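K.L.:
Structure provided below as structure tokens; questions to follow.
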Amino acid sequence: MSNQMNFEIRQPSPALRFPVTINQRTRTTRIILHHYHSETATPQDVHAWHNDRGFGGFGYNFAVDMDGTIWEGRGIGAFGVHTAGNNHDSIGIACQGRYDDRTTAMPDTQFNALVALIRHIRSIYGEIPILGHRDVTATACPGQHFPMDEVRRLEHRPVTPIVQKDTMTACCPPTEQQVPTPTPNPAQPPLTLTDFELDALCRMVWAEARGEDDLGQRLVVHVIRNRIASAEFSASRLLEVLFQVRQFAPVRDGAFDRATPDERIRRNVQAALSEPDQSQGALFFNTVRLRETSEAAQTRTHVFDHMGHSFYR
């Protein structure tokens, strides 16, 4: 398939808390697509609606916002509550929007994120069919204007990249203007890691930057290396830095534990361990939408932005 794109599956914040035990499916034979019937609803809104209806919380495995944010709901292997009589062997994906009465096309950002997510699912479960809710039960969902035929072709639309939310990484690769090349800082000391430490570092890069380009992933490593070398932090070893209290969000929200680093991440981590610092001495980073409001933005010197991250020292 043409036009491969990076994407990231994010955890809703605040986290969805399910009042029931989430069981795992024993087989997966299809993907079923839905819409929210709302252009403004958040995963938390849908979670509340589904709780009120007795579903035990957010019923979909995943959701895709109109701006391209991909949210994890119940998770890829979970038994969903999205299509009565058909939840036992299906993955349910809901799209933010009203595609029963929306007359304009699905936004490119949402469409491309949905296609990327479906490709990811099919890379795990094989070429399972893509169905609409209406294909299996008596409903109009996901709406007459939902681009079902186009989705099934699984070809991305060409788009101009968007600026990320504070909780996402864009599905689209950045333009040249969005990718400043930072000046290397050669002052970083060498770092030798055990296999366990290397795996932990790869997990953190996966959790923080799996949707970033190669440089974006290496920059996370450089920030961590800078912290190890800095007298400002009371940690001088990798694991101490990774697990410092209130520092890295993936440790708090569980993304670190769920991480599954791929070969590209491992390659970029190794590259970052053997090259001079590319971060201009940065000690902090956060998502670009927090650039004006985060603690780092208020107390630190902004160095540069790269893709979805702002870097500070």
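K.L.:
Keeping to the range 270-313, report how many residues are under 22 Å from residue 193 (Cα atoms) and either of a type in the set (Asp, Glu) or surrounded by 24 or more Cβ atoms within 10 Å (Cβ to Cβ) (or both). Don't jump to the end; show me each part of the working.
P.N.:
Filtering the range 270-313 down to residues under 22 Å from residue 193 (Cα atoms) leaves 270-279, 281-284.
Then keep just the ones that are either of a type in the set (Asp, Glu) or surrounded by 24 or more Cβ atoms within 10 Å (Cβ to Cβ) (or both); that gives 272, 275, 277, 279, 282.
Final tally of qualifying residues: 5.
Yes/no matrix, rows are residues, columns are (1) surrounded by 20 or more Cβ atoms within 10 Å (Cβ to Cβ); (2) within 25 Å of the chain's Cα centre (by Cα):
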| site | (1), (2) |
| --- | --- |
| 75 | no, yes |
| 81 | yes, yes |
| 88 | no, no |
| 95 | yes, yes |
| 105 | no, yes |
| 118 | yes, yes |
| 121 | no, yes |
| 134 | no, no |
| 141 | yes, no |
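K.L.:
Mind checking whether some residue in the range 44-51 is over 15 Å from the mean Cα position of the chain (by Cα), among the β-branched types (Val, Ile, Thr), over 19 Å from residue 120 (Cα atoms) and not in a loop (DSSP other than H, G, I, E, B)? Give the derivation first.
P.N.:
Just the residues of the range 44-51 that are over 15 Å from the mean Cα position of the chain (by Cα), to begin with: 44-51.
This time we only want the ones that are among the β-branched types (Val, Ile, Thr), so: 46.
Then keep just the ones that are over 19 Å from residue 120 (Cα atoms); that gives 46.
Keeping just the survivors that are not in a loop (DSSP other than H, G, I, E, B) gives 46.
Yes, there is a match, as at least one residue in the range 44-51 is over 15 Å from the mean Cα position of the chain (by Cα), among the β-branched types (Val, Ile, Thr), over 19 Å from residue 120 (Cα atoms) and not in a loop (DSSP other than H, G, I, E, B).
K.L.:
Mind checking which residues of the range 211-252 are among the acidic types (Asp, Glu) and either closer than 26 Å to residue 267 by Cβ or not assigned by TED's automatic domain parsing to the domain that holds residue 294 (or both)? Don't jump to the end; show me each part of the working.
P.N.:
Of all residues in the range 211-252, those among the acidic types (Asp, Glu) come to 212-214, 232, 240.
Once the filter is applied, which keeps residues that are among the acidic types (Asp, Glu) and either closer than 26 Å to residue 267 by Cβ or not assigned by TED's automatic domain parsing to the domain that holds residue 294 (or both), the range 211-252 yields 212, 213, 214, 240.
K.L.:
May I ask you to say which residue of 63, 94 is in a strand (DSSP E or B), free of Cβ contacts under 8 Å to residues at least 40 places away in the same chain and under 24 Å from residue 144 (Cβ atoms)?
P.N.:
Numbers: 94 fails: free of Cβ contacts under 8 Å to residues at least 40 places away in the same chain.
One residue alone meets the criteria, 63.
K.L.:
Which residues, counting only those in the range 11-43, are in a loop (DSSP other than H, G, I, E, B) and within 22 Å of residue 97 (Cα to Cα)? Outline the logic, then answer.
P.N.:
Going through the range 11-43, the residues in a loop (DSSP other than H, G, I, E, B) turn out to be 11-23, 25-29, 36-37, 39-42.
11, 12, 13, 14, 15, 16, 36, 37, 39, 40, 41, 42, listed by residue number.
K.L.:
Within the range 35-56, is even one residue without any contact (Cβ under 8 Å) to a residue 40 or more places away in the chain, more than 20 Å from residue 253 (Cα to Cα) and crowded, with 24+ Cβ neighbours inside 10 Å?
P.N.:
no
The values are calculated or read from the model by the stated rules, or taken from the named source; none is laboratory data. Computed from a predicted structure; not experimentally measured. Note that we place each Cβ from the backbone using ideal geometry, even for glycine, and neighbour counts take in every protein chain shown.
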